[in-house]
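Undergrad: Please find one structure pasted underneath; my questions will follow.
The values are calculated or read from the model by the stated rules, or taken from the named source; none is laboratory data. Since we're looking at a predicted model, the values are computed, not measured. We place every Cβ from the backbone using ideal geometry, glycine too, and count neighbours over all the protein chains shown. For accessibility, only protein heavy atoms count, side chains too; no ligands or nucleic acids. Shrake-Rupley method; radii C 1.70, N 1.55, O 1.52, S 1.80 Å.
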Amino acid sequence: METAEKKVIDLVSVGHSAKRENRKFPTWHFSMMNDQLRNQAILESISNLDLRGKTVFEIGTGAGLIAMYFARHGTKHVYTCEVDAQLYEIAVRNIRQNKLEDKITVVHASSSEYIKSQPKSFKPDIIFTETLDCGVLGEGYASIAKDIASIAHKNTIILPESIEQFGFLINSSEIAELNSIANHKEFDLTCINTFSTRSYFPIRYQMYASATMSPVKKLRTYNYREHLDERSTFTMTVYRSGKCHGIVTYFHAKFGHSVVTNDVRDSGHWHQAFHPFPQPIEVTTGESYTMVMQNDGSIIPLGN
């Protein structure tokens, strides 16, 4: 009869025998690939396409999951590029392990580098990218949009077809204190505030005490076929008076009829984005306030 001690020794031996490699890519790649809401939305959008005879260009291979979705659903060939050397190697291994290397070409390059290496006739039928962070812009949206525009023709299917960004004003000392020091009992520590984030940073909105101060409003729409203005202006009407620290935003990325989102009402792997004002502002119920969002994601209130 096998003893409990022997079982423990066997388990430890198995654990030690498993090869571990030093990871250089961000940990969110694990939670992203485990995000069933996100995966299902993308898979549904791909399965609804007629992929027969179609070529796909993917920007941002990651570990190769999306490229393999396309390959399994009948595409002629997938060309996909990844700038991170370690993820590139992982994607190659995953694709080979799943016996799809004849349908997928993985390139260790940025989209700009890859496009420059191709003839002018390179016009894929479908372009896919999910190079978005919680506030849309932080993974190089502007440069990737230029790359897509340079190779897309009028019939090219671009996924996502558009990204809508929504936001609402909040009062939250807890969230504000993630990014600045106000007072300390004994010492003045405020010089660290010169290093505060000016654009936006990721938060799990539901984790913090806060009070909403305005309805949710669509702030901006991103479309890879259209030039992104340097800044956009919008107004927000307040329904609760008090100190306003900034704006929480989330996006809806439209992949056909499916949506990938970091909506505050969902529980996927995504964080939301918090855009702190340079200084908190006092707002009054019923008043409307004009804001400017710049292309680094920073939002500046102009007044009412």
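Undergrad: Being closer than 21 Å to Ser172 by Cβ and touching a Pro at 6+ places or on another chain (Cβ under 8 Å), is that true of even one residue in segment 210-222? Steps first, please.
TA: Going residue by residue through segment 210-222, those that are closer than 21 Å to Ser172 by Cβ are 210-217, 219.
Still in the list and also touching a Pro at 6+ places or on another chain (Cβ under 8 Å): none.
Taking every residue of segment 210-222 in turn, none turns out to be closer than 21 Å to Ser172 by Cβ and touching a Pro at 6+ places or on another chain (Cβ under 8 Å).
Undergrad: Can you name every residue in segment 78-93 that is open to solvent by 30 Å² or more (accessible area, probe 1.4 Å) and either farther than 23 Å from Ala152 by Cα or not in a loop (DSSP other than H, G, I, E, B) (or both)? Quick ask: steps written out before the conclusion?
TA: We begin by selecting, within segment 78-93, every residue open to solvent by 30 Å² or more (accessible area, probe 1.4 Å); these are 79, 83-86, 88-90, 92-93.
Hits for segment 78-93 are Tyr79, Asp84, Ala85, Gln86, Tyr88, Glu89, Ile90, Val92, Arg93.
Undergrad: Please go through segment 237-267 and give me each residue that is outside any strand (DSSP E or B), open to solvent by 60 Å² or more (accessible area, probe 1.4 Å) and polar (S, T, N, Q), ordered by number. Steps first, answer last, please.
TA: We begin by selecting, within segment 237-267, every residue outside any strand (DSSP E or B); these are 238-241, 256-257, 262-267.
The next check asks that each one be open to solvent by 60 Å² or more (accessible area, probe 1.4 Å); those that pass are 239-241, 257, 265-267.
Scanning segment 237-267 gives Ser241, Ser267.
Undergrad: Answer yes or no as to whether Leu37 is at pLDDT 95 or above and either at positive phi or open to solvent by 30 Å² or more (accessible area, probe 1.4 Å) (or both). Write out each step before concluding.
TA: On the way: at pLDDT 95 or above: no; either at positive phi or open to solvent by 30 Å² or more (accessible area, probe 1.4 Å) (or both): yes.
It is false that Leu37 is at pLDDT 95 or above and either at positive phi or open to solvent by 30 Å² or more (accessible area, probe 1.4 Å) (or both).
Undergrad: Restricting to segment 40-77, name every residue that is surrounded by fewer than 15 Cβ atoms within 10 Å (Cβ to Cβ) and either farther than 29 Å from Asp266 by Cα or touching a Pro at 6+ places or on another chain (Cβ under 9 Å) (or both).
TA: Scanning segment 40-77 gives Asp50, Arg52, Gly53, Lys76.
Undergrad: Tell me which residues, restricted to segment 117-159, are over 14 Å from Tyr79 (Cβ atoms) and either free of Cβ contacts under 8 Å to residues at least 40 places away in the same chain or charged (D, E, K, R) (or both).
TA: Here is the first cut: in segment 117-159, the residues over 14 Å from Tyr79 (Cβ atoms) are 120, 130-146, 149-150, 152-155, 157-159.
Answer for segment 117-159, where residues must be over 14 Å from Tyr79 (Cβ atoms) and either free of Cβ contacts under 8 Å to residues at least 40 places away in the same chain or charged (D, E, K, R) (or both): Lys120, Glu130, Asp133, Glu139, Gly140, Ser143, Lys146, Ser150, His153, Lys154, Asn155.
Undergrad: Please tell me if Lys6 is modelled with pLDDT under 95, part of a helix (DSSP H, G or I) and open to solvent by 90 Å² or more (accessible area, probe 1.4 Å). It would help to see each step written out before you state the result.
TA: Numbers: modelled with pLDDT under 95: yes; part of a helix (DSSP H, G or I): yes; open to solvent by 90 Å² or more (accessible area, probe 1.4 Å): yes.
So Lys6 fits the description; yes.
Undergrad: Could you grab me the full set of residues in segment 183-222 that are of a type outside the set (Val, Ile, Thr), surrounded by 11 or more Cβ atoms within 10 Å (Cβ to Cβ) and more than 26 Å from the chain's Cα centre (by Cα)?
TA: Leu189, Asn193
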